[in-house]
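Each remark here refers to the structure printed beneath this line.
The values are calculated or read from the model by the stated rules, or taken from the named source; none is laboratory data. Since we're looking at a predicted model, the values are computed, not measured. Methodologically, a virtual Cβ is constructed for each residue, glycine included, from the backbone with ideal geometry; neighbour enumeration extends over all protein chains shown. Areas reflect the complete protein model, heavy atoms only, side chains present, ligands, DNA and RNA absent. Shrake-Rupley method; radii C 1.70, N 1.55, O 1.52, S 1.80 Å.
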Amino acid sequence: MAIEYLKRGKPEADRAEDDAKTAAVVAATLKDIEARGDAAVHELAVKFDNYDRPSYRLSEDEIAAIIAKVSDQDMADIRFAQEQVTNFAQAQRDSMLDIEVETLPGVILGHKNIPVQSVGCYVPGGKFPMVASAHMSVATAKVAGVPRIIACTPPFNGEPNPAVIAAMHLGGADEIYVLGGIQAVGAMAIGTESIAPVHLLVGPGNAFVAEAKRQLFGRVGIDLFAGPTETMVIADDTVDAELCATDLLGQAEHGYNSPAVLVTNSRALAEGTLSEIDRILEILPTASTARVSWEEYGEVILCDSYDEMLVVADDIASEHVQVMTDRDDWFLDNMTCYGALFLGPRTNVANGDKVIGTNHTLPTKKAGRYTGGLWVGKFLKTHSYQKVTTDEAATLIGEYGSRLCLLEGFVGHAEQCNVRVRRYGGINVPYGEGAPYRDAAE
């Protein structure tokens, strides 16, 4: 392999040091929330969001007044985007069927898809009001049938953002809180005097939110590790540098630590993209953020072949992967590790983030190796059940179970099977022994 880095990002050791500092802050903060509940949440909200009010939950009257500030056009756009997301989520839900099968005469097995009973949705919004995140979490949970959906978002410029609150409300949130960061995630998962804890946390966020979810996992479920956004552009000479640079910087503006990577087999495109990025950073209004991300986390990787590009892409396992080549479907068929694919120059990550209908809460930090993104199925638990309806089936399964339990040394387990064999099969099995083998003629 001849893989050349024309630009590298911050070394992994430095990134790990940043992560360790974040983890320490999060651990201390969550401990404080658990110990002091609402008082701790209130102090954190004042300290980090400069937002002070007696209760951070919005009343129905407040929600109505805030939504009234949204223009008709903005409300129409929000409804359109939410409709695309819910339509796709419903199609996914319809693909998930409850099943019941008779595997042997008298042996019935099945599973049911049951909604998680309470979900906490985090919608980022400190730097940019992430209206679309409300569709992705709240509206999708509603499609799944979750009975209690609560949503948190930080204040924007000192007050609740009307468009975000509108999207949460339209999506079906039962409780809306103006809370951000660790205090929001911690309050939803741990619970306070005024906020009942949830069973599942979902939604993207900054490094502190992602780390809080990681530390709370086990106490509650989480959708996935969705930290600072990542983007990768896989491109060849069928596209130009302007398109590649625009797609890289379009995601780098999310925050100061958003990796953006170009993987290409064209040196001319690689060098042209580097130049084009410099040009765009001079005119991009969010350049103060995007420039830091690009300088510290941006990479340009030059490969010899499409096969090498595939290997590099799967190894990085980026959250968003924009593919613009002469063989986009080949990457679709062969890539195995990523958050979501955006295929062809007409497609772009921003459409996926905001409106096209797929979910934008996606795995980061290589989590795409073992999980996909948020979808309606994340809000559903698949529970199995068993039912034995005949004496003959109870006897047959009991005989096998008895012997297999003793094979592992579980005498008590075996007796659960033996008592059925004695009761429903009329076979005398001494306590602590396995059921006899049936005669082959039987």
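With N counted as the residues of the stretch 203-291, its alpha-carbon radius of gyration over 2.2 N^0.38 Å works out to 1.33. Count Lys and Arg as plus one, Asp and Glu as minus one, and take only other residues whose Cβ is under 15 Å from that of I222; the net charge is then +4.
Expected output is a single nm value to one decimal: the length gained when fully extending between R438 and S95, i.e. 0.36 nm times separation in residues minus the C-alpha distance. What is it? Mind dumping the intermediate values first?
On the way: separation 343, 0.36 × 343 = 123.48 nm, distance 4.25 nm.
Value of the extension gain: 119.2 nm.
Carbon-plus-sulfur fraction of the accessible area of the stretch 305-403, 1.4 Å probe, in percent? Don't jump to the answer; show the numbers that get you there.
Working: 2340 of 4510 Å².
In the stretch 305-403, the share of accessible area belonging to carbon and sulfur is 52 percent.
Cut-off 12 Å, label point 7 angstrom out along Cα-to-Cβ of D307: give me the residues of the stretch 255-276 whose amide nitrogen falls inside. Zone members listed by number: none at all. Taken per residue, the accessible surface of the stretch 318-367 reaches 41 Å², heavy atoms only and a 1.4 Å probe.
How long is the gain from V411 to R214 if the chain were fully straight, where each residue apart is worth 0.36 nm and the alpha carbon distance is subtracted?
Values: separation 197, 0.36 × 197 = 70.92 nm, distance 3.96 nm.
Contour length minus the Cα-Cα distance gives 67.0 nm.
Using Cα atoms only, what is the angle between the long axis of helix 12-36 and the major principal axis of the chain, expressed in degrees (0 to 90) to the nearest 10? It works out to around 70 degrees. On a 21 Å Cα-Cα criterion, which of the cross-link pairs K69/K142; K213/K378; K213/K366 come out too long? Pairs exceeding 21 Å: K69/K142.
How big is the dipole moment of the chain about its Cα centre under a simple scheme where the beta carbon of each Lys and Arg is +1, that of each Asp and Glu is -1, and everything else is neutral? Debye, nearest 20, please. Working shown, then result.
Details: 37 positive and 62 negative charges, 308 e Å.
Result for the chain is approximately 1480 debye, rounded to the nearest 20.
Suppose the chain between D315 and K387 were pulled fully straight at 0.36 nm per residue; how much longer would it get relative to their current alpha carbon spacing? Numbers along the way, then the final one.
Working: separation 72, 0.36 × 72 = 25.92 nm, distance 4.48 nm.
Residue separation times 0.36 nm, minus the Cα-Cα distance, leaves 21.4 nm.
Hey, what's the stretch 394-442 come to in accessible area per residue, 1.4 Å probe, Å²?
Values: 3320 Å² over 49 residues.
Result: 68 Å² of accessible area for each residue.
Counting heavy atoms of the protein chains alone, Y122 has an accessible area of about 10 Å² for a 1.4 Å probe. With the simple model of a label 7 Å out from the Cα in the direction of the Cβ, N334 to A2 spans 1.9 nm.
Would you mind telling me the share, in percent, of accessible area of the stretch 1-95 contributed by carbon and sulfur at probe 1.4 angstrom? C and S atoms contribute 52 percent here.
On the beta carbon distance between F80 and H199, with R0 = 35 Å, the FRET formula returns roughly 0.65. Helix 181-190 axis versus longest C-alpha principal axis of the chain: approximately 10°, rounded to the nearest ten. Reducing the stretch 337-398 and the stretch 157-223 to their Cα centroids gives an inter-centroid distance of 21 Å.
Here the accessible area is traced with a 1.4 Å probe on the protein chains. For the stretch 164-227, carbon and sulfur cover 55 percent of it. For the chain, give me the percentage of DSSP beta bridges that are antiparallel, rounded to the nearest 5 percent. Of the beta bridges lying entirely in the chain, close to 35 percent run antiparallel.
Who wins for biggest fluctuation among W375, W294, W330 in a Gaussian network model of the chain, springs between alpha carbons below 10 Å? Among W375, W294, W330, the largest GNM mean-square fluctuation belongs to W330. Between the beta carbons of A28 and R57, assuming R0 = 30 Å, the FRET efficiency works out to 0.75 to the nearest 0.05.
I'd like the FRET efficiency for D18 and N428, computed as 1/(1 + (r/R0)^6) with the beta carbon distance as r and R0 of 51 Å, rounded to 0.05. Calculated transfer efficiency: 0.15.
Leaving out ligands and nucleic acids, note down the accessible area per residue over the stretch 68-144 with a 1.4 angstrom probe, in whole Å².
On the way: 3710 Å² over 77 residues.
Normalised by residue count, the accessible surface of the stretch 68-144 is 48 Å².
Can you give me the angle between helix 267-281 and the longest principal axis of the chain, using Cα atoms only, in degrees from 0 to 90, rounded to the nearest 10? Once rounded, one gets 70 degrees. Could you tell me which of A173, A184, V198 has its Cα farthest along the dipole of the chain towards the positive end, charges placed at Cβ (Lys, Arg +1; Asp, Glu -1), taken about the Cα centre? Most positive-ward Cα: V198. Placing a pseudo-label 7 Å from each Cα along the Cα-to-Cβ vector at V419 and S288 gives an inter-label distance of 7.2 nm.
In deg cm²/dmol and to the nearest 500, what is the mean residue ellipticity at 222 nm of the chain if only DSSP H runs of at least 4 residues count, each as -39500 (n - 2.57), divided by the residue total? Kindly include the intermediate steps, with their values, before the conclusion.
Numbers: 17 runs with 201 residues, N = 442.
Value at 222 nm, helices only, nearest 500: -14000 deg cm²/dmol.
Taking label points 7 Å from Cα along the Cα-to-Cβ direction, K127 and E43 give a separation of 2.8 nm.
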